[in-house]
Amino acid sequence: MFKEVELFKSEREKLFDRLADRLETAYNLNRKVVSFQANKEEPIYRWFKYKEGFSSALVKYFLSEYAPDGGKVLDPFAGVGTTLFAGQELGWESHGIELLPVGTFVMQTRQAISEIQVDEFRAISKKMWNEISTMRKWNNYIHHISITKDAFPDDTEEYLNKYLAYCSQINDKPVQTILKFAAFAVLEEISYTRKDGQYLRWDYRCKRELSGKPFDKGKILSFEDAVKVKINQILQDLQPNQSSSLFDQFENISIEKKPVNIIEGTCLEELPKLESDFFDFIITSPPYCNRYDYTRTYALELVYLGYDHEQVKNLRQSMLSCTVENKDKIEYLENLYSSINQKEAFEKVIKSYQNSDAMMEVNTILDELNKRGKLNNNNIARMVKNYFLELCFVIYEMARVTKSGGYCVMVNDNVRYGGEEIPVDLILSDFAENFGFNINKIFVLPKGKGNSSQQMGNYGRTEVRKCVYLWQKK
Ligand SMILES: C[S@@+](CC[C@H](N)C(=O)[O-])C[C@H]1O[C@@H](n2cnc3c(N)ncnc32)[C@H](O)[C@@H]1O
């Protein structure tokens, strides 16, 4: 009887059964702690909201709970550096890899903060407005790509160019970086756009021809007003006497701070260059398998940082496959591993991927649903297949660079396509086990997230798990 039941179980159910005792609802890890929201009141994080980030509280919790003695921490999807700087505050040596220049620019700003002469910054930020407004000649720094064209009112666009020209001739590098950051942090506010899931939403007042229900984003601040507010916010947080100031955070703590090492690039290429058995802890959150396109959401910021159409396109393709536009990277990975004499490692990863029955089941079902026209985009099956394949390489490398006894914490959401749940937590943990991690826990957040309204209509409201995995290198 039991055997028959087993026979009709899907591979995902079998995997669930195998790992069920590791799943644990974590009441202390609510959505707020896991998401960027818990950072809201912290200086720096409140200057620029990176909604894709997790909280420093989460990082500090895991580091103190599982490795109070400190050591070396890595985040291969570093974002704005939450892991790295929270680790630094606890005395850890922090290393991070991030592909998107938006994240690396915020991290560089954070480093500039610790070097800045506040009085110099205050003085320059006061006198600059007069000099900018009387500027007669300047180079244009903003070169739009198609998805950002006409994003700013004309006078704002002119001001932005003048401001960037002004910043470029400031010799004091930390002041230059922070002033550049102040305008970077208000780009959405001063534009006709709003970040809205996968795309930018456009206000009805822009020059573009828009279809659908008009969108009114409310008051659009002038460039000067918005940047002044931002600079004041930064200055306030830099005051030595403020109770929640950065100085409390950075100077009153006796812990010796080690420098933060930031690598700009794709972790698919950068991880294989790192030494084996080097890190005591990895805390990371890769992009989720949910079609979210960072290069579109942050298109204004990328253009502001000087990225052109071709460069943005390349960034999109280099990202971990999480959009329907991402193409296969398998040939690139094969060449990469051959070029570093790691063909065996390449074969090992591919084999692990192919040996995962749950993964193969997901791929087969999605291909079938695709054939029957049940997925709302033809490339979803390809995206899912490649998302896991690329993460399989990342997990192999993470296991390699972690010391025996060291930990890896990963934050990720499960997803559902065409009504089929994809247990991201279980499949990735299965890969991790193959590469030498023990699956200590899969912490499930008390409330998962709902479904998209379209899917709710078709399949009823059920929740997919949102998890924090805790793996330990054997
Ligand atoms: C969920 S976010 C991580 C946020 C981070 N935990 C924080 O608190 O700021 C995922 C990040 O992975 C980055 N990313 C995507 N593909 C990458 C790749 N191939 N290599 C390195 N970083 C990548 C994205 O740009 C994004 O910043």
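Of note:
- For the stretch 285-413: rounded, prolate or oblate by the Cα gyration tensor [a/c cutoff 1.5]: oblate
- Label-to-label distance, Y204 versus E275, with points set 7 angstrom from Cα along the beta-carbon direction: 6.2 nm.
- Additional length obtainable on full extension of the chain from I340 to W138, 0.36 nm per residue less Cα span: 68.1 nm
- Restricting attention to the stretch 1-152, lysine pairs at least eight places apart or on different chains and with alpha-carbon atoms under 15 angstrom apart total 8.
- C-alpha long axis of helix 357-371 to longest principal axis of the chain, angle in °: 70 degrees
- Mean residue ellipticity (222 nm) of the chain, computed from DSSP H runs ≥ 4 via -39,500 (n - 2.57), nearest 500: -13500 deg cm²/dmol
- The stretch 161-210: relative contact order as a whole-number percent, Cα under 8 Å and 6+ apart: 18 percent
- Solvent-accessible surface of the chain, averaged per residue with a 1.4 angstrom probe and all protein chains in place: 45 square angstrom.
- Remark: accessible surface ordering of M135, M383 (largest first) is M135, M383, probe radius 1.4 Å.
- Once the Cβ-Cβ distance of E224 and E310 is raised to the sixth power relative to R0 = 35 Å, the FRET efficiency obtained is 0.60.
- In order along the stretch 47-54, phi translates into HN-Hα couplings of 6, 9, 8, 9, 5, 7, x, 9 Hz, rounded to whole numbers, per the Karplus curve 6.51 cos²θ - 1.76 cosθ + 1.60 with θ = phi - 60° and x for Gly and Pro.
- Amide H contacts of G53 (H built 1.01 Å from N, in plane; Pro and chain starts excluded): F36 sit under 5 Å, all sequence-distant by 5 or more or on other chains.
- Charge-dipole axis of the stretch 69-153 as Lys and Arg at +1 and Asp and Glu at -1 on Cβ define it, positive-most pick from H143, A112, S133: S133
- Residue list for the stretch 426-443, given a label point 7 angstrom along the Cα-to-Cβ vector of D17 and an amide N cut-off under 11 Å: none
- Taking label points 7 Å from Cα along the Cα-to-Cβ direction, D367 and Y292 give a separation of 3.0 nm.
- Relative contact order computed over the stretch 38-166 (Cα-Cα under 8 Å; 6+ residues apart), in percent: 16 percent
- What the phi angles of the stretch 316-323 give under the Karplus curve with 6.51, -1.76 and 1.60, with θ = phi - 60°, is a coupling list of 4, 6, 7, 4, 3, 4, 9, 10 Hz, glycine and proline written as x.
- Label zone of K374 (point 7 Å out along Cα→Cβ, amide N under 16 Å): in the stretch 343-367 this covers 361-367.
- Sorting Y45, Y469 on solvent-accessible area from highest to lowest, probe radius 1.4 Å, gives Y45, Y469.
- Sequence-separation-based contact order of the chain, relative, with Cα cut under 8 Å and 6+ spacing, percent: 19 percent
- Sulfur and carbon atoms: percent of accessible area, the chain [1.4 Å]: 46 percent
- Peptides 282-293, 385-396, 201-212, ordered by how many other C-beta atoms sit within 10 Å of their residues on average, highest first, read 385-396, 282-293, 201-212.
- For the stretch 154-293, the square roots a ≥ b ≥ c of the C-alpha gyration tensor eigenvalues yield an a/c of 1.5 or more together with a/b not exceeding b/c, which makes the shape oblate.
- Greater than 30 Å apart at Cα, pairs in K195/K348; K403/K441; K329/K473; K162/K213; K162/K273: K195/K348; K162/K213; K162/K273
- In sequence order, calculated HN-Hα J values of the stretch 188-200 (Karplus, 6.51, -1.76, 1.60; Hz; x Gly/Pro): 5, 4, 8, 9, 8, 10, 9, 5, 8, x, 7, 10, 8
- The simple Förster model, with R0 at 41 Å and r as the Cβ-Cβ distance, assigns E41 and E463 a FRET efficiency of 0.90.
- Protection proxy ranking of 434-443, 12-21, 102-111 - average other beta-carbon atoms within 10 Å, highest first: 102-111, 434-443, 12-21
- Among the protein heavy atoms, those of R31 account for about 100 Å² of accessible surface (1.4 Å probe, every chain in place).
- Its Cα centre serving as origin, the chain has a Cβ charge dipole (Lys and Arg +1, Asp and Glu -1) of approximately 1060 debye.
- Top positive-direction residue, dipole computed over the chain with Cβ charges, set A78, Y204, P68: Y204
- Listed peptides 325-332, 75-82 appear in the order 75-82, 325-332 once ranked by packing, highest mean of other Cβ atoms within 10 Å at the front.
The values are calculated or read from the model by the stated rules, or taken from the named source; none is laboratory data. Since this is a predicted model, take the numbers as computed values, not measurements. Cβ: placed from backbone, ideal geometry, glycine included. Neighbour counts: every protein chain shown. Keep in mind that these areas ignore ligands, DNA and RNA; they rest on the heavy atoms of the full protein, side chains included. Shrake-Rupley method; radii C 1.70, N 1.55, O 1.52, S 1.80 Å.
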